[in-house]
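Here the structure is laid out as C-alpha cells; the discussion comes afterwards.
Bear in mind these aren't lab numbers, they're just calculated from the coordinates by the rules spelled out. Keep in mind that this is a model prediction, so the values were computed, not measured. No Cβ is skipped: glycine too gets one built from the backbone with ideal geometry, and neighbour counts run over all protein chains shown.
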Amino acid sequence: MLQALEQLPVDPILGLSAACRADPNPDKVDLTIGIYMDDSGVCPVFEAVRRAQLELEQEEVTKAYLPPAGDEAFTSGMQRLVLGADCAALADGRVSSIQTPGGCGALRIGAEVIHAAAPGARVWVSDPTWPVHIPLIGSVGLAFESYRYYQPATHSVDFDGMVADLRQAGAGDVVLLHGCCHNPCGADLDLEQWGVIADMAEAQGFTPFIDIAYQGLADGLETDAAGLRLLVSRLPEVVIAASCSKNMGLYRERTGAAIFVCNDAANAGAVLGQAKAAARRVYSMPPAHGALLAGRILGNAELEALWRGELDTMCARINGLRGELRAALEQASGADFAFIEHERGMFSFLGLSAQQALRLREEFSVYMLDSSRINVAGVNAGNIDYVARAVAAVL
Ligand SMILES: Cc1ncc(COP(=O)(O)O)c(C=O)c1O
C-alpha cells in the first residue's frame, strides 16, 4: 500500500534552512526560517521561561493528561494577554479559549470550528500570506479567496486594493488578518486602517480570523494587539489564533491558543464544545509543558514582569537591526532600503528576483527564500556587512 506513495518535494522554507546547515562555508548566513536569533546566532531561552521551568520541575506531581481545553491558568492568561484585561467581551463572559499545539494548532482548530458552523465559508487571505495558512486551513475543507495586500513597488500595504477586494466579502465569509508583523512582508495596517476593516465587517457581516503569532515583536505587547482589540470591541464575533512560539521562545513546546469571541455566553459555551470535539478528532489532547510554563509566567507578577522586559529587549533589538541593515545595504549598494526600517517583525522582502536569491546562495552562502523574504533577526554584528556586500554584488 505505502509503495504507491511518491517522494514529495521538501518544504521550501525548511529545505533551504537544511541546505544552509549542510553548507560548509564558514561565512554562511541563514535568513530563511522565522526564528529569533540573538547576536551570537542562537535562539535563546527566556530567563522567565528558565525560572518557570525550575519551579515546575520542583512542583510537578503528574504527567496525566491536561483537561481537553488545556491548562486554565494558560488559557485565561492568554485571553488577558491578547484581548487586554479590560476587554468588555471578557467581562461579559462571551469569550472561550482552547489550548492548542502552537499557533498552527490554533489556526487549525479555528478553521475546524468555522467549518462546523459554515461549511461553505470562504476564507479571504492576503496576497501574499504565510504559505502554511493554505494547507492548514484548506485541508479542513474551506475555500479561499485572496485580497490585495502588499505592493512590491512601494514596499507597503495596498490598502485601497485590500478594501476594494474585501468589499466582496459578506456574511458567512471569513477574513484572515495578520495581527501584527505580517508574514512574509512585514508591512502592517495602522490603527486607522484597522478601523476601516471594523467598519466593513460591521456593515458587510464577515467574520475576522486574526492570526497573532508575533505579539510583542513589532512595537510592544499592547500596541501590537491594538488593531485586534479594536475589532473585538466593535464586533460580535472574532476568531483568534495566538502563539507563544516567538514571544516566549517556546517554539518546540508547541504552545498556542484558539480564542473565540462570541455573540453571548451561551454561544461561547457551544463554541468551546465544538473546539474540544475538533481537538479530540485531530490530536486528542494538547501538549502540557509549554503551556504550563506560559501559564506560570502569565499568572505570576514577578515572572511576567521579567518576561515582558526580555521581550521588550528582543523587540528593540529587531527594530535596531532593521535600521542597521538599512544603513549597511544602502552604504554597500547605493540603493534605497528605507522600507526595511518602516516594516515590523522579523520579515522583509528585499525586492530581489529568484535568480538573485539563488546567486546569493550559490556564490555567497547567504540563504533567503526565492521571494527574497529575509528573517531580519538572522542578521547580527558578525555578518551584517557580509550580507550587505553580498546583496550589493547581486543587485
Ligand atoms: C504567520 C504565522 N502564523 C502562525 C505561526 C505559527 O507558529 P507556531 O505553530 O510555531 O506557534 C507562524 C510561525 O511561523 C507564523 O509565521
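Things worth noting here:
- Here GLU310, GLU72, GLU57 are placed in order of increasing Cβ neighbour count within 10 Å, fewest first, which gives GLU57, GLU72, GLU310.
- Share, in percent, of DSSP beta bridges within the range 65-299 that are antiparallel, nearest 5: 45
- The range 237-299: C-alpha gyration tensor shape, a/c 1.5 cut-off, then a/b vs b/c: prolate
- Cβ-Cβ FRET estimate between THR62 and ASP336, R0 fixed at 56 Å, reported to 0.05: 0.45
- Cα gyration tensor shape for the range 1-122, rounded if a/c is under 1.5, else prolate or oblate: oblate
- Start at zero, step by 10 Å, and the Cα-Cα distances of the range 246-348 spread as 12, 25, 25, 22, 12, 3, 0 percent across the bins.
- Translational diffusion of the chain was estimated from the Stokes-Einstein equation, with Rh taken as the Kirkwood radius over Cα pairs; at 25 °C and 0.890 mPa s the coefficient is 113 µm²/s.
- All C-alpha to C-alpha distances of the range 65-299, sorted into 5 Å bins beginning at zero, yield P(r) values of 1, 7, 15, 21, 22, 18, 11, 4, 1, 0, 0 percent in whole numbers.
- DSSP-defined beta bridges in the chain - what % are antiparallel, rounded to 5: 45
- Fewest-first ranking of VAL174, VAL163, using other Cβ atoms within 10 Å as the exposure measure: VAL163, VAL174
- Inter-part distance where the range 201-248 and the range 104-140 are each reduced to a Cα centre, Å: 16
- Report note on the peptides 319-326, 58-65: ranked by the mean count of other C-beta atoms within 10 Å, highest first, their order is 319-326, 58-65.
- Length released on extending from ALA392 to ARG50, taking residue separation times 0.36 nm less the Cα-Cα span: 119.0 nm
- The order of the peptides 282-288, 249-255, 299-305 by mean Cβ neighbours within 10 Å, most packed first, is 249-255, 282-288, 299-305.
- The ranking of ILE13, ILE340 from fewest to most other beta carbons within 10 Å of each one's beta carbon is ILE13, ILE340.
- Sum of -39500 (n - 2.57) over DSSP H runs of 4+, divided by residues of the chain (222 nm, nearest 500): -14500 deg cm²/dmol
- Rounded, prolate or oblate (a/c below 1.5 giving rounded, otherwise prolate when a/b exceeds b/c) for the range 171-274 by Cα gyration tensor: oblate
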